[in-house]
Amino acid sequence: MQDHGELLSIILTIITASTPLLLAAIGELVVERSGVLNLGVEGMMAVGAVCGFGTALIFGPYVGIFAAIAAGVLLSLLFAFLTLSLVSNQVATGLALTLLGLGISGLIGVGYVGQPGAKLAHIYIPLLSDIPWLGPIFFGQDVLVYFSLALTAAVGYVLFRTKLGLVIRAVGDSHQSAHALGYGVIPVRYACVAFGGGCAGLAGGYLSMAYTPQWVENMTAGRGWIALALVVFASWLPKRVAIGAYLFGMVSILGLAVQTKGLGIPSQLLTSLPYIVTIVALVIISGNRALTRANTPACLGQPFVPDR
Amino acid sequence: MEKEFKMKKWIVAAAALAVGVGLLTASASAAKLKACWLYVGPVGDGGYTYQHDLGRKEVEKELGDKVETKYLENVAEGPDAERAIERFAREGCKIVFTTSFGFMDATIKVAKKYPKVFFEHATGYKQAKNVATYNARFYEGRYVMGEIAAKMSKTGVAGYIVSFPIPEVVMGINSFMLGAQSVNPNFKVKIVWVNSWYDPGKESDAAKVLFGQGADIMVQHTDSTAPLQIAQEQGKLGFGQSSDMIKFAPKAQLTANTDSWGGYYVQEVKKVLAGTWKSQDTWGGMAQGMVVLSPFTNMPDAVKAMAEKSVADIKAGTLLPFAGPITKQDGTVVGEKGKSLSDKDLNSMNWYVKGIDDKLPQ
């Protein structure tokens, strides 16, 4: 990477910091839209991170990406089986999934600690990537940055412009009615949970292969929880999740940059600022109560047992 | 009838065997000294806890047939710690090393209940008859790092990523700066507090921002290898922390300030074996082998020679990083000429030396 000016390097850092949040959050958004609350995002991210890292060591980061997704899906299917088929409590099972994921990832990763990983390369398009400023920002990121944005757009489109999206939202809003209409509530939810698991795994893989190419225990450092909060504060709307993720990334990076300016702002305040700003901003843009209520999946977290 | 009798015989035999095996293992473990370690992080953190665990393994290697070692990792500071330490004491550990500052009160409390068990608490300041304390003078390594940074930097600016404003960390910043100023009086340092010991993502963000702001050398008092990896990626330089991180940044790491607890642990366990263990406060540095700078790399021979000389001088006691007089940021002067600040002053350090622009969070 060549030398950038301060502002450009800040912008590039913001993009990298926001991408894992966006990936995890957009997945969880689909899960919650289908009426399931999976609090295990952090655990699925950790397992995605370690599986991606390990696979990338042997086969390179592009294969690692798929391993990360697969690991997230597998773990989420365990959650789906427990909560959807065995109708266990979603909150408790989700919390347990986080603990399980963090534990398992530590176990799998014992041999990977202290090993430098394979880093996902930034793309380079001749001429375009060389444009000053715009080049590195728009044509010089790693593929997952573009993928996360495309995925957000795709989720928005599918949820609100297609029949599939309508079915997912119906299942999340009133599983009894959806069931009565003949839609398979449980299969739809299984698919959504798996999608969310894949996204969380991918977000973890982004951490261990693009953000900081290494594996260490607990490297997710709470990002799964931030993603969960983003979904709620964005009132389950993909566009707002993207805004929230980037806002969070922006304020945290600016908080770091401001520290060296000698303004004497306490660093503890700067550290908490991303949380405060993001929540306040998203609450303000969700000012329309009726709209927020309309977007909240009415069956969120409720178990579904079809009556026979 | 006979069948039942046979069955009974079998059971008796099995029971006897079980008791016998139990006795055997009991006697075997009685002959071995149990030494136990309590860790705040996972042994796989590749940093602070990892280094303590290397020390434990060294004890096992050196005194293998005489000791049995145990450890508990990822123990939160607070009530969990107290339970864990008590469990160690009940399980027959003769010496317990509690390796994080936050284990201090729990250690003292359990030590009162178990006067026959010896406790050693790292980085704390409370002692008792059966509680010793130990720490390493990490600042010695940071002084040499400062000298190297001032020689190697083209922009004359280092980025410094730090966790929390505790004396240990402040001491490190000051020592680094004093070392740098001894080479280049106008050397600047840009400081970013990330309020975490360990968050690879955030540490790498901070490194990117600092490099963007004109720093060309990265110093960290956080535990992950992320800042060094960024340095490597951007063709800049940096220093490793806690353990040798050269594998992560073969072209960027100048040296790493590593903790080396093995020698101390072996010595202390040997004392218990010999019955000469006593409570004391150990604050060892380079001379005692507790602070070790990993091989000097990515620098010209002249800089390397300077660094090696400084290390030798610190070991010999002729170079004192905190020799007075030292001008504080606010302009007041502390310390006597040619004498180091006292350990007490160092351990309560809450001020910056002159030349640092950051405002110290209080």
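The values are calculated or read from the model by the stated rules, or taken from the named source; none is laboratory data. Nothing here was measured: the structure is a model prediction, and the numbers come from that model. Cβ placement follows ideal geometry from the backbone for every residue including glycine, while neighbour counts extend to all protein chains displayed.
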Q) Taking segment B:242-257 on its own, how many of its residues are crowded, with 24+ Cβ neighbours inside 10 Å and at the interface with another protein chain (Cβ under 9 Å from one of its Cβ atoms)? A) 3
Q) Going through segment A:205-220 one residue at a time, which ones are of a type in the set (Gly, Ala, Ser) and in contact with a Leu (Cβ under 9 Å, 6 or more places away or on another chain)? A) A:Gly205, A:Ala210
Q | Candidate set: segment B:78-117, residues that are in contact with a helix residue (DSSP H, G or I) (Cβ under 6 Å, 6 or more places away or on another chain) and aromatic (Phe, Trp, Tyr); chosen: the one surrounded by the most Cβ atoms within 10 Å (Cβ to Cβ) | A | B:Phe103
(Q) Being within 14 Å of another protein chain (Cβ to nearest Cβ) and either outside any helix (DSSP H, G or I) or under 20 Å from A:Leu144 (Cβ atoms) (or both) is the filter here; which residues of segment A:89-121 pass it? (A) A:Ser105, A:Val113, A:Gly114, A:Gln115, A:Pro116, A:Gly117, A:Ala118, A:Lys119, A:Leu120, A:Ala121
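Residues checked against (1) at the interface with another protein chain (Cβ under 9 Å from one of its Cβ atoms); (2) free of Cβ contacts under 8 Å to residues at least 24 places away in the same chain; (3) not basic (Lys, Arg):
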{"position": "A:Ala257", "(1), (2), (3)": "yes, no, yes"}
{"position": "A:Leu269", "(1), (2), (3)": "no, yes, yes"}
{"position": "A:Pro274", "(1), (2), (3)": "no, no, yes"}
{"position": "A:Val277", "(1), (2), (3)": "no, no, yes"}
{"position": "A:Val283", "(1), (2), (3)": "no, no, yes"}
{"position": "A:Arg293", "(1), (2), (3)": "no, yes, no"}
{"position": "A:Pro303", "(1), (2), (3)": "no, no, yes"}
**Q.** Selection count where residues are β-branched (Val, Ile, Thr), outside any strand (DSSP E or B) and within 15 Å of B:Asp223 (Cβ to Cβ), scope segment B:134-180
**A.** 2
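Conditions (1) among the charged types (D, E, K, R); (2) at pLDDT below 95, marked per residue:
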site: B:Lys9; (1), (2): yes, yes
site: B:Val21; (1), (2): no, yes
site: B:Ser27; (1), (2): no, yes
site: B:Trp37; (1), (2): no, no
site: B:Thr49; (1), (2): no, yes
Q. Tell me, which residue of segment B:198-215 that is outside any helix (DSSP H, G or I) and at the interface with another protein chain (Cβ under 7 Å from one of its Cβ atoms) is surrounded by the most Cβ atoms within 10 Å (Cβ to Cβ)?
A. B:Asp199
**Q.** Exclusive hit being surrounded by 22 or more Cβ atoms within 10 Å (Cβ to Cβ) and over 19 Å from B:Trp197 (Cβ atoms), set A:Ile265, A:Ile243, A:Ile253
**A.** A:Ile253
Q: Can you give me the number of residues within segment A:161-196 that are among the aromatic types (Phe, Trp, Tyr) and either in contact with a Cys (Cβ under 7 Å, 6 or more places away or on another chain) or assigned to a helix (DSSP H, G or I) (or both)?
A: 2
Q: Just name the residue that is modelled with the lowest pLDDT out of those in segment A:264-299 that are within 29 Å of A:Leu166 (Cβ to Cβ) and touching a helix residue (DSSP H, G or I) at 6+ places or on another chain (Cβ under 6 Å).
A: A:Ser286
Q: Taking A:Ala49 as the residue in question, decide whether it is in contact with an Asp or Glu (Cβ under 7 Å, 6 or more places away or on another chain), within 14 Å of another protein chain (Cβ to nearest Cβ), closer than 21 Å to A:Trp215 by Cα and assigned to a helix (DSSP H, G or I).
A: no
Q) Can you name the condition, by its number, that A:Asp173 falls short on among (1) in contact with a helix residue (DSSP H, G or I) (Cβ under 8 Å, 6 or more places away or on another chain); (2) closer than 22 Å to A:Leu300 by Cβ; (3) surrounded by 18 or more Cβ atoms within 10 Å (Cβ to Cβ)? A) (1)
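This table checks each residue for (1) at the interface with chain A (Cβ under 7 Å from one of its Cβ atoms); (2) surrounded by 20 or more Cβ atoms within 10 Å (Cβ to Cβ); (3) at pLDDT below 95.
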| position | (1), (2), (3) |
| --- | --- |
| B:Ser182 | no, no, no |
| B:Phe187 | no, yes, no |
| B:Ser196 | no, no, yes |
| B:Ser224 | yes, yes, yes |
| B:Gly240 | no, yes, yes |
